[in-house]
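Asker: Sharing a structure below in structure tokens format, with a few things to ask.
The values are calculated or read from the model by the stated rules, or taken from the named source; none is laboratory data. Given the structure is predicted, the values throughout are model-derived calculations rather than measurements. Virtual Cβ from ideal backbone geometry, glycine too; neighbours counted across all protein chains shown.
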Amino acid sequence: MNWRLRRASADDAAILSLVAGATFLEAFAGVLDGADIAAHVARHSSAEAFARYLSQGAIATLAEAEQGAAPLGYTLLTTPDLPVEPCPGDIELKRIYALAPTHGQGLGPALMSQAVNDARSAGHRRLLLGVYGGNVRAHRFYIKQGLSVVGERRFLVGATWHDDLVFARDL
């Protein structure tokens, strides 16, 4: 499948919400309770939530199929909200997801590269991200992308607390 990346705007909030819900479900079906997934997506990945992020200066990249522009993945860079000692110039990669049919086709590394470039271009010096502690596949990907573990956090999804790792990378 061929794809392209583009900067997302507030006009893309509904599209970002759609791909966010789909990718979160793919990533956590069978790991998290279904009701917790639905509640989490409704609260944190609605079109309104994306419009709010973007109005507050977040940077989003949308991956689209070249044929028809169907959304395939996205990134979202925001002000950090992680339990690590902040450094001047920090930015959080709050979200990086790609739909399963694109896995192994280079979309994940392309999304990460774009997020790093966007963060650098905005003058940031360190990229942070939180990831579910049980997602070993993601851990391997982030380490391969030059990130390392700098902390931990407890993260609430629906009614259940989960242990996450916090990764960082100097830019």
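Asker: Output the residues belonging to region 123-171 that are surrounded by fewer than 12 Cβ atoms within 10 Å (Cβ to Cβ), within 19 Å of residue 31 (Cβ to Cβ) and in contact with a strand residue (DSSP E or B) (Cβ under 9 Å, 6 or more places away or on another chain).
Answerer: 154, 156, 161, 163
Asker: One residue is enough: does region 18-30 have a residue meeting the conditions of a type in the set (A, V, I, L, M, F, W, C), over 16 Å from the mean Cα position of the chain (by Cα) and under 28 Å from residue 124 (Cα atoms)?
Answerer: Scanning region 18-30, I find no residue that is of a type in the set (A, V, I, L, M, F, W, C), over 16 Å from the mean Cα position of the chain (by Cα) and under 28 Å from residue 124 (Cα atoms), so the answer is no.
Asker: In region 115-147, which residues are of a type in the set (Gly, Ala, Ser) and either more than 18 Å from residue 77 (Cα to Cα) or within 15 Å of the chain's Cα centre (by Cα) (or both)?
Answerer: 115, 119, 130, 133, 134, 138
Asker: Anything in region 11-37 that is small (Gly, Ala, Ser), in a helix (DSSP H, G or I) and free of Cβ contacts under 8 Å to residues at least 40 places away in the same chain? List them, or say none.
Answerer: 14, 17, 21, 34
Asker: Something else: Would you confirm, using the coordinates I've provided, whether residue 108 is modelled with pLDDT of 95 or more, more than 16 Å from residue 17 (Cβ to Cβ), assigned to a loop (DSSP other than H, G, I, E, B) and small (Gly, Ala, Ser)?
Answerer: no
Asker: Considering only region 59-99, state which residues are part of a loop (DSSP other than H, G, I, E, B), touching an Asp or Glu at 6+ places or on another chain (Cβ under 9 Å) and over 18 Å from residue 121 (Cβ atoms).
Answerer: Scanning region 59-99 gives 70, 81, 82, 83, 84, 99.
Asker: If I filter region 55-108 down to residues being more than 18 Å from residue 171 (Cβ to Cβ) and among the polar types (S, T, N, Q), which single residue comes out as surrounded by the most Cβ atoms within 10 Å (Cβ to Cβ)?
Answerer: 102
Asker: Inspect all residues belonging to region 43-61 and state whether any of them is out of contact with any His (no Cβ under 9 Å at 6 or more places or on another chain) and modelled with pLDDT under 95.
Answerer: Yes: one or more hits.
Asker: Right, next: Out of region 81-122, which residues are farther than 26 Å from residue 26 by Cβ and touching a strand residue (DSSP E or B) at 6+ places or on another chain (Cβ under 8 Å)?
Answerer: 83, 84, 87, 89, 90, 122
Asker: When only residues in region 117-171 that are of a type in the set (Lys, Arg) and in a strand (DSSP E or B) count, which is farthest from residue 91 (Cα to Cα)?
Answerer: 154
Asker: For the condition under 24 Å from residue 12 (Cβ atoms) and either touching a Ser or Thr at 6+ places or on another chain (Cβ under 9 Å) or in contact (Cβ under 8 Å) with a residue 24 or more places away in the chain (or both), what is the one hit in 159, 58?
Answerer: Selected residue: 58, the only one of 159, 58 that is under 24 Å from residue 12 (Cβ atoms) and either touching a Ser or Thr at 6+ places or on another chain (Cβ under 9 Å) or in contact (Cβ under 8 Å) with a residue 24 or more places away in the chain (or both).
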